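Down below is the structure, laid out as structure tokens.
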Amino acid sequence: KQWYQRRVAITAGIARFGDEVVKQCDGTAMGPHHACSYADIAADLALDQKVMDENVNPFYSHVDDWSRFRDDIMCMWKGSVDELLAFNTWINNLHPRLKFTMEYSESTIVFLDLRLTKGGPMVLTQM
């Protein structure tokens, strides 16, 4: 019985908010405890696997590192700025409901409240 209840809740998009039970008709509600896991799986399937597949990603050779935590992504880029902008357009066309903004710098970037700065052959970090 437990498995059936969980399966219905997952496939039917049913969630409880206080005393009210609602049905999510599209996507997944971000309130339930399992929502972050769903979002991680969806992002992996819709984005990460495609970015890291040299047969799918025309910019694969320029991606030096791809790190994602939930909806925050850091990419170390080996191509030109024009290629980076084209890559951002490409990832924004991978899925109709996933849209990305981009900040880039040749010297310093902030990822998850951590400032990363190029320091010669090293990366300097600051909280």
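The values are calculated or read from the model by the stated rules, or taken from the named source; none is laboratory data. What you see is a predicted model, and the numbers here were worked out from it, not measured in a lab. Positions of Cβ are generated from backbone atoms using ideal geometry, with glycine treated the same way; all protein chains shown enter the neighbour counts. Just the protein is used for accessible areas: all its heavy atoms, side chains included, with ligands, DNA and RNA removed. Shrake-Rupley method; radii C 1.70, N 1.55, O 1.52, S 1.80 Å.
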Scanning segment 47-64 for residues that are over 20 Å from R97 (Cβ atoms) and either in contact (Cβ under 8 Å) with a residue 40 or more places away in the chain or of a type in the set (G, A, S) (or both) gives S61
Within segment 65-84, residues touching a residue at least 12 places away in the same chain (Cβ under 8 Å), farther than 17 Å from V110 by Cα and open to solvent by 70 Å² or more (accessible area, probe 1.4 Å) come out as K78
Given (1) over 27 Å from D26 (Cα atoms); (2) loosely packed, with under 10 Cβ neighbours inside 10 Å, identify the lone condition not met by N57. (2)
Residue within segment 114-122 that is within 15 Å of the chain's Cα centre (by Cα) and open to solvent by less than 100 Å² (accessible area, probe 1.4 Å) present: no
